[in-house]
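I have placed the structure first, in the form of structure tokens, so that the comments after it can refer back to it.
Just so you know, all these numbers are worked out from the coordinates, no wet-lab data involved. Since the structure is predicted, the reported quantities are computational estimates derived from the model, not experimental observations. Every residue, glycine among them, receives a Cβ derived from its backbone with ideal geometry; neighbour counts consider all protein chains shown.
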Amino acid sequence: MSTNKRITLQQAAEIVKNGSSLTFSGFTIWRRPFAVVYELIRQKRRGLHLIEVNGGPQTEFLVGAGCVDIWESCWVGHELYGKYGANLSRKVGKKEILVEDYSHAEMMFRFAAAAQGAPYAVTQTSLGTDIHNPEYDVLGRAGRRDGKRIAKQKYIFTEDPFFGAGPQVLVPAVKIDVAILCVQQVGEEGTVRVAGQLYSDPEAARAADITIAMAEEIVPEEYLRRDADHNTIPSFEVDYILECPFGGHPTGMFGCYDVDGAFLKDFYAGTRTQEGFNAFAEEWIYGLDHMGYLEKLGWPRMLNLRANTALNYRPRN
């Protein structure tokens with residue numbers, strides 16, 4: 001039995017170097033690896049190239065902390081707890097960050113292409129929209145398209161040569177240095193089991209050069225093999241693992257705990273200015289480790305978020 005993949009939270013953040021391209025598991029306010037996100041902020045990581053199928057609170061925290069230089073995605077926000085990304089909007093307005101906009105489907109196709117080892121995906125998505133306006137090729141206009149980690153072109157138009165189906169768009173596969181997953185269970189050798197919706201986690205794991213799985217619990221591989229068809233990602237696609245209960249807070253973990261809506265509302269309301277973000281980070285990130293963060297939240301609050309094991313969410317009284 002191999003256990004050499006197990007690392008600490010601090011080591012997980014150290015794997016992400018300045019300038020790395022990075023992606024995360026989950027969707028909007030679900031299963032985001034916040035314990036690692038906080039540690040990246042504490043370690044003052046800089047120059048990150050964040051590539052996501054869609055953004056969420058993790059984007060807003062990293063952007064607000066000045067960790068991100070480039071963001072490629074389609075949307076960012078906190079769903080009903082804060083409709084848009086105020087920190088990203090502020091940074092864009094001040095020209096402190098480059099944002100490359102693709103449609104949601106195009107981003108998913110780009111991850112799927114990378115997961116398959118293909119250099120690009122073919123789609124008709126977003127034809128006729130300003131997403132394909134050359135004026136909005138932000139990375140191209142900034143001279144960042146080197147053909148290595150960033151594609152030489154944002155897209156290419158072509159015609160279907162096989163069935164005459166008309167115009168097609170070629171969009172480049174993503175190039176990801178590190179993917180960080182936030183899941184319910186990981187085996188001692190790296191097998192990942194996700195409960196509930198998988199989102200784009202399998203594609204993210206396969207697209208990345210290095211994949212880190214942060215789990216609520218590390219379990220024996222023998223247990224996961226009993227029902228192998230329930231597993232999500234095989235062990236050979238995961239490079240490192242760590243156990244971190246409540247590591248997704250304030251986002252939710254299906255079957256374990258709900259989204260902390262009050263926390264996200266407070267963040268959204270208090271961080272529309274840089275001064276507000278700095279104050280929030282001083283209170284909730286700097287000077288704390290993960291256990292200190294949970295202690296500050298308080299166990300009554302965390303128990304109130306705990307999901308009912310029969311329903312997989314906490315029923316409201």
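What to note about this one:
- For GLN11 and PHE236, a Förster radius of 25 Å and the Cβ-Cβ distance give a FRET efficiency of 0.75, rounded to the nearest 0.05.
- Mean residue ellipticity, 222 nm, helices only, the chain: the sum of -39500 (n - 2.57) across DSSP H runs of n ≥ 4, divided by residue count and rounded to 500, is -8500 deg cm²/dmol.
- Inter-label distance, nm, simple model (7 Å from Cα along the C-beta direction), ASP137/LYS44: 3.7
- All C-alpha pair distances within region 50-208, sorted into 10 Å bins from zero, spread as 10, 35, 36, 15, 4, 0 percent across the bins.
- The count of lysine pairs in the chain whose Cα atoms are under 22 Å apart, excluding pairs fewer than 8 places apart on the same chain, comes to 19.
- Between LYS95 and ARG226, the contour length at 0.36 nm per residue exceeds the alpha carbon distance by 41.9 nm.
- Principal-axis tilt of helix 274-284 within the chain, Cα atoms, nearest 10 degrees: 40
- Region 1-46: trypsin sites (Lys or Arg not before Pro) in DSSP coil with no more than 14 other Cβ atoms inside 10 Å: LYS17, LYS44, ARG46
- Modelled label positions at ASP130 and ASN312, each set 7 Å beyond Cα in the direction of Cβ, lie 3.9 nm from each other.
- Residues whose placed amide H lies under 5 Å from that of ALA173, excluding near-sequence neighbours: TYR120, ALA121
- Rounded FRET efficiency, nearest 0.05, which uses the C-beta distance separating GLU275 from PHE157 and R0 of 41 Å: 0.35
- Kirkwood hydrodynamic radius (C-alpha pairs) into Stokes-Einstein, region 277-317, 10 °C and 1.306 mPa s, D in µm²/s: 133
- For region 247-317, the list of trypsin sites (Lys or Arg not before Pro) that fall in a loop by DSSP and count at most 15 other C-beta atoms within 10 angstrom reads ARG272, ARG316.
- Residue list for region 28-47, given a label point 7 angstrom along the Cα-to-Cβ vector of GLU79 and an amide N cut-off under 12 Å: 28-32
- Cleavage-rule hits, chymotrypsin sites (Phe, Trp or Tyr not before Pro), region 112-170, DSSP coil, Cβ neighbours within 10 Å at most 15: PHE162, PHE163
- Ratio Rg/Rh [Cα only; Rh per Kirkwood] for the chain: 0.97
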